[in-house]
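> Below is the structure I would like to discuss, written out as structure tokens.
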Amino acid sequence: MKRERCCEIRSFAYLLVLSILCLEGAGCGNSPPETTQMETDKPVSIGLSLGAIRIDRWRKDEQLIRQYAREHGAVVTSYAANENQILQGEQAEKLIIQGVDVLIVVAHDTEMSASIVKMAHDAGIQVIAYDRLILNCDLDYYVSFDSKKVGEYQAEGVLQAMATGDVAYIGGSPVDHNAHLLREGTMSVLAPYLADGSVRLVLDTFIEQWSGPIAYQHMKDYLDEHGHIDGVIAANDSTAAGVIQALKEFGLAGKAPVSGQDAELAACRRIVEGAQTVTVYKPFAMQARKAVEMALDIAAGIEPSTNATMDNGQKAVPSFLLPAIPVTRENINETIVADGFYSQEELYTESQPRQPDEKK
């Protein structure tokens with residue numbers, strides 16, 4: 001029944017658009033069009049709604065999704081909302097009106113994006129939440145990494161380097177559900193150290209838009225007042241960059257361990273140089289490929305394979321969670337370089353040569 005409703009809605013939308021074009025004189029004459037039915041070999045159309053594309057990783061994801069879709073004869077139409085939830089809703093509506101077969105959403109605001117899911121469902125279109133779980137709605141599918149585990153990796157990486165002392169938590173965007181999952185994972189690792197007093201949480205804040213400059217200001221304000229920190233658990237590589245800039249100004253860069261995630265090129269270079277301690281590498285190619293596979297299955301009327309469920313506040317959403325990998329200076333060549341994510345030439349400079357036993 002759902003698929004029949006979908007077809008009825010799309011047929012109505014098709015006729016509506018055709019009527020509008022006729023009224024506007026956009027190529028419609030008195031004679032009927034040459035073809036009155038949609039071609040049976042029409043490629044699968046995937047809509048991609050990105051909350052933003054400012055951070056390097058989202059550009060990579062978009063490129064990879066397009067690449068894998070193209071390999072399967074599908075087409076992708078994408079919009080990026082520049083961290084504006086109202087704009088993202090408008091862009092998603094455009095994709096729905098265009099009649100995409102499936103909608104993939106990287107939500108800017110994981111609560112407000114529930115309205116996008118409703119709009120899509122009203123048009124008979126299923127939604128895959130990509131990387132960020134959309135909350136309190138009848139979401140169809142979710143593909144991501146285990147954010148709690150990522151938060152654990154971040155805390156473990158910093159604690160291994162500092163053992164005891166004062167630690168700051170610099171979180172992600174408060175409107176991104178992933179930021180809360182990351183913090184939950186981190187706090188589960190910190191809990192016994194906080195309980196016995198070996199670690200003190202002296203700063204605990206979320207950072208709007210995962211912004212490096214805002215993270216810098218929070219870290220600088222703290223150091224201006226206290227002048228001391230032993231370690232910083234930063235939620236991603238962008239916030240880590242801001243933190244490290246503040247640490248440099250106080251002579252603490254390379255002394256206080258700092259975490260991140262996303263394995264951005266600048267962060268990996270900071271790890272090689274010793275300014276950043278750990279990032280968490282999430283093989284985006286795997287995630288993009290899985291999202292496209294899900295979209296193609298949905299378009300073909302096949303239920304996508306999943307390996308988990310995630311509670312979004314309304315339902316247990318069928319999900320596929322992928323493994324992430326903590327990356328340090330010790331294993332960067334066996335992970336980032338071995339996967340072809342970056343080359344050694346990209347990571348190492350003349351001032352920071354490769355170790356003698358490393359091979360090109």
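> With unit charges on the beta carbon (Lys/Arg positive, Asp/Glu negative), name the residue among Gly165, Val76, Leu135 whose Cα is farthest towards the positive pole of the charge dipole of the chain.
Of Gly165, Val76, Leu135, it is Val76.
> May I ask you to sort Phe284, Phe250 by Cβ crowding, counting other Cβ atoms within 10 Å and putting the fewest first?
Details: Phe284 21, Phe250 16.
By the 10 Å Cβ count, ascending, the order reads Phe250, Phe284.
> Per-residue ellipticity at 222 nm for the chain, helices alone: DSSP H runs ≥ 4 residues times -39500 (n - 2.57), over residue total, nearest 500 deg cm²/dmol?
Rounded to the nearest 500, it is -13500 deg cm²/dmol.
> Roughly what % of DSSP beta bridges within the range 194-349 run antiparallel, to the nearest 5?
80 percent
> Across the range 287-303, in residue order, what do the Karplus-derived ³J(HN,Hα) couplings come to in whole Hz, using 6.51 cos²θ - 1.76 cosθ + 1.60 with θ = phi - 60° and x for Gly and Pro?
5, 4, 4, 5, 4, 5, 4, 4, 4, 5, 4, 4, 4, 8, x, 9, 6
> Something else: Within the range 56-86, name every residue whose backbone N is under 18 Å away from a label modeled 7 Å from Cα of Asp41 along the Cβ vector.
70-75
> How would you order 73-79, 240-246 from highest to lowest mean count of nearby Cβ atoms within 10 Å?
My ranking of the peptides, most packed first, is 240-246, 73-79.
> Testing the spin-label approximation: label points 7 Å from Cα along Cα→Cβ at Ala285 and Tyr342. State their distance in nm.
About 1.7 nm, to one decimal.
> How large is the dipole of the range 152-244 about the Cα centre if only Lys and Arg carry +1 and Asp and Glu carry -1, each at its Cβ, rounded to the nearest 20 debye?
Computed charge dipole of the range 152-244: roughly 40 debye.
> Take the alpha carbon gyration tensor of the range 158-246, find the square roots of its eigenvalues, order them as a ≥ b ≥ c, and report rounded if a/c is under 1.5; if not, report prolate when a/b exceeds b/c, else oblate. Kindly include the intermediate steps, with their values, before the conclusion.
Numbers: a/c = 2.01, a/b = 1.18, b/c = 1.71.
Oblate, because a/c is 1.5 or more while a/b does not exceed b/c.
> How do the peptides 184-191, 89-96 rank, highest first, by the average count of neighbouring beta carbon atoms within 10 Å per residue? Kindly include the intermediate steps, with their values, before the conclusion.
Numbers: 184-191: 18.1, 89-96: 19.6.
The packing order, highest mean first, is 89-96, 184-191.
> P(r) for the chain, please, calculated from all Cα pair distances in 20 Å bins and given in %.
Spelled out bin by bin, the chain gives 28, 50, 19, 3, 0 percent.
> Taking amide H atoms as placed 1.01 Å from N in the peptide plane, list the residues 5 or more away in sequence, or in a different chain, whose amide H sits under 5 Å from that of Gln314.
Asn136, Cys137
> Here is a follow-up. Calculate, for Gln217 and Val75, the FRET efficiency according to 1/(1 + (r/R0)^6) with r their C-beta to C-beta distance and R0 41 Å; round to the nearest 0.05. Intermediate values should be presented prior to the final figure.
Details: r = 42 Å, r/R0 = 1.03.
Computed FRET efficiency for Gln217 and Val75: 0.45.
> To continue, here is another question. With label points built 7 Å along Cα→Cβ from the Cα atoms of Asp224 and Asn82, find their separation and express it in nm.
My value for the distance between the label points is 2.9 nm.
> Quick one: Cα centre-to-centre distance for the range 125-146 and the range 198-276, in angstrom?
The range 125-146 and the range 198-276 have Cα centres spaced 30 Å from each other.
> Let me ask something additional. Taking amide H atoms as placed 1.01 Å from N in the peptide plane, list the residues 5 or more away in sequence, or in a different chain, whose amide H sits under 5 Å from that of Phe206.
Amide H neighbours of Phe206, under 5 Å, 5+ apart: Gly171.
> Here's a follow-up. Ranked by Cβ crowding within 10 angstrom, fewest neighbours first, how are Thr239, Thr205, Thr349, Thr306 ordered? Provide the component values of the computation, followed by the final result.
Details: Thr239 31, Thr205 14, Thr349 11, Thr306 17.
Ordered from fewest to most neighbouring Cβ atoms within 10 Å, Thr239, Thr205, Thr349, Thr306 come out as Thr349, Thr205, Thr306, Thr239.
> Mind running the shape call on the range 211-360? Use the C-alpha gyration tensor, a ≥ b ≥ c as the square roots of the eigenvalues: rounded below 1.5 for a/c, prolate if a/b tops b/c, oblate otherwise.
It is oblate, given that a/c is not under 1.5 and a/b is not larger than b/c.
> Now for a different question. Whole Å is fine, so just give me how far the alpha carbon centre of the range 54-88 lies from that of the range 305-323.
22 Å
> Towards the positive end of the charge dipole of the chain, with charges on Cβ (+1 Lys, Arg; -1 Asp, Glu), say which of Ser238, Ile97, Leu223 has the farthest Cα.
Looking along the dipole axis, the top candidate is Ile97.
> With the crude spin-label approximation of a point 7 Å out along Cα→Cβ, what separation in nm comes out for Leu322 versus Glu334?
Going by the 7 Å Cα→Cβ label model, 2.2 nm.
> Highest first, please rank the peptides 211-224, 251-264 by the mean number of other Cβ atoms sitting within 10 Å of their residues.
251-264, 211-224
> Ranking Asp204, Asp122, Asp146 by Cβ neighbours within 10 Å, fewest first, what do you get?
Fewest-to-most ranking of Asp204, Asp122, Asp146: Asp122, Asp204, Asp146.
> Then there's this: For Ala308, what residues show an amide H to amide H distance below 5 Å, using hydrogens built from the backbone and excluding near sequence neighbours?
Amide H neighbours of Ala308, under 5 Å, 5+ apart: Ser319, Leu321.
> Please figure out what share of the DSSP beta bridges in the chain is antiparallel and state it in percent, rounded to the nearest 5. Write out the running numbers ahead of the final one.
On the way: 8 of 42 bridges.
Percentage antiparallel, nearest 5: 20.
Computed from the coordinates by the stated procedures, all read-outs in this text should not be read as laboratory data. All of these numbers come straight from a predicted model, not from anything done at the bench. Every residue, glycine as well, gets a Cβ built from its backbone with ideal geometry; the counts of neighbours run over all protein chains shown.
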